[in-house]
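Student: Once you've had a glance at the structure underneath, I'll fire off some questions.
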Amino acid sequence: MAENCIFCKIIHGEIPSEKVYEDEKMLVVCDVAPAAPVHVLLLPKQHTDDVVTASSELLRHMMSKVKLIAEKTGVVEKGFRLVINTGEEGGQTVKHLHIHLLGGKVLGWPPC
Ligand code: 5GP
Ligand code: ZN
């Protein structure tokens, strides 16, 4: 557990969250400030800063559950977007790897 990491605190139950899915490696929770009708965050249970520091095994596991989470949140048929903000210029505000899954409306593009 990384010190002062909001997502580590969510994973350890120190900050409440609305859980959507959980397995041995990952917790999926609703974003506290949703940017779309469906906006969940895929959080690895073991702290790693970002997609650059994450192991390929972890990333493979997280991606392998995307279809299931999209089904659970009701967006698999109409479509959805995955976002991994990385670093300062990438807009990452919480330095614990997370994959945003957004959907439930037509999403704009480009995002900047
Ligand atoms: P980033 O900008 O790092 O890609 O995304 C961080 C996300 O975490 C934001 O969408 C923000 O709303 C969400 N967030 C920040 N604090 C909390 C929290 O305490 N609980 C939950 N569920 N989401 C949070
Ligand atoms: Zn963390």
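Student: Which fully enclosed strands (runs of 3 or more DSSP E) of the chain have 2 or more residues being without any contact (Cβ under 8 Å) to a residue 24 or more places away in the chain?
Tutor: Details: elements: 19-22, 26-30, 38-44, 80-83, 99-103.
Filter on the chain gives 19-22, 26-30.
Student: Sticking with this structure for a sec: Within the range 85-112, restricting attention to residues that are more than 16 Å from ligand 2 (Cβ to nearest atom) and of a type in the set (A, V, I, L, M), which residue is most open to solvent (accessible area, probe 1.4 Å)?
Tutor: Among those that are more than 16 Å from ligand 2 (Cβ to nearest atom) and of a type in the set (A, V, I, L, M), it is Val106.
The values are calculated or read from the model by the stated rules, or taken from the named source; none is laboratory data. Keep in mind that what you see is a predicted model, and the values were worked out from it rather than measured. Neighbour counts are summed over all protein chains in view; Cβ atoms, including those assigned to glycine, are modelled from backbone coordinates with ideal geometry. Heads up: the accessible areas ignore ligands, DNA and RNA and are worked out on the full protein's heavy atoms, side chains in. Shrake-Rupley method; radii C 1.70, N 1.55, O 1.52, S 1.80 Å.
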